[in-house]
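Note sheet for the following structure.
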Amino acid sequence: MDTVWKSISKLYGEHGASTINLSLIDFNDENKSAILRVGHTSLGLLKTALASITKVGDKPAAVHVLKVSGTIKALDTKM
């Protein structure tokens with residue numbers, strides 16, 4: 001999450017980061033996937049911030065959005 005917050009802060013500043021209201025719902029260490037919660041008005045901002053991530057720690061990385069859903073319950077059925 002630190003990498004995600006750093007990316008958001010770098011792109012939008014502290015004020016922009018405070019408006020996103022991001023939270024981590026679940027992280028699967030086995031397949032390196034996460035479920036993030038964000039308001040629908042901030043989805044575009046989050047997608048842009050995730051796409052700009054090129055490293056996690058010292059290792060090269062790429063972050064991709066796999067699914068978007070209106071509710072966590074609907075997301076569980078999609079996954």
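The values are calculated or read from the model by the stated rules, or taken from the named source; none is laboratory data. Bear in mind the structure is a predicted one, so any value in this text is a computation, not a measurement. Counting neighbours? That spans all protein chains shown, and the Cβs are built from the backbone with ideal geometry, glycine included.
Within the stretch 25-64, can you find the residues that are in a strand (DSSP E or B), in contact with a strand residue (DSSP E or B) (Cβ under 9 Å, 6 or more places away or on another chain) and either surrounded by 14 or more Cβ atoms within 10 Å (Cβ to Cβ) or without any contact (Cβ under 8 Å) to a residue 24 or more places away in the chain (or both)?
Taking the stretch 25-64 first, the residues in a strand (DSSP E or B) are 25-28, 33-37, 55-56, 59-60.
Narrowing further to those that are in contact with a strand residue (DSSP E or B) (Cβ under 9 Å, 6 or more places away or on another chain): 25-28, 33-37.
Correct list: ASP26, PHE27, ASN28, ALA34, ILE35, LEU36.
For LEU75, are the conditions met, namely being out of contact with any strand residue (DSSP E or B) (no Cβ under 8 Å at 6 or more places or on another chain) and either without any contact (Cβ under 8 Å) to a residue 24 or more places away in the chain or not in a strand (DSSP E or B) (or both)? If you could, list the steps in order and put the result at the bottom.
On the way: out of contact with any strand residue (DSSP E or B) (no Cβ under 8 Å at 6 or more places or on another chain): no; either without any contact (Cβ under 8 Å) to a residue 24 or more places away in the chain or not in a strand (DSSP E or B) (or both): yes.
Spelling it out, it is not the case that LEU75 is out of contact with any strand residue (DSSP E or B) (no Cβ under 8 Å at 6 or more places or on another chain) and either without any contact (Cβ under 8 Å) to a residue 24 or more places away in the chain or not in a strand (DSSP E or B) (or both).
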Of everything in the stretch 1-30 that's closer than 13 Å to VAL63 by Cα and not β-branched (Val, Ile, Thr), which residue is modelled with the lowest pLDDT?
MET1
Here's a check for you: in the stretch 1-18, which residue that is without any contact (Cβ under 8 Å) to a residue 24 or more places away in the chain and among the polar types (S, T, N, Q) is surrounded by the most Cβ atoms within 10 Å (Cβ to Cβ)?
SER9
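Tell me yes or no: at least one residue of the stretch 7-25 is touching a Lys or Arg at 6+ places or on another chain (Cβ under 6 Å) and of a type in the set (Gly, Ala, Ser). Break it down stepwise before answering.
Within the stretch 7-25, the subset touching a Lys or Arg at 6+ places or on another chain (Cβ under 6 Å) is 23, 25.
Next, only the ones that are of a type in the set (Gly, Ala, Ser) stay: 23.
So far as the stretch 7-25 goes, yes, one or more of its residues are touching a Lys or Arg at 6+ places or on another chain (Cβ under 6 Å) and of a type in the set (Gly, Ala, Ser).
Is at least one residue of the stretch 58-70 on the phi > 0 side of the Ramachandran plot and either at pLDDT below 95 or of a type in the set (A, V, I, L, M, F, W, C) (or both)? Steps first, please.
Taking the stretch 58-70 first, the residues on the phi > 0 side of the Ramachandran plot are none.
No, the stretch 58-70 contains no residue that is on the phi > 0 side of the Ramachandran plot and either at pLDDT below 95 or of a type in the set (A, V, I, L, M, F, W, C) (or both).
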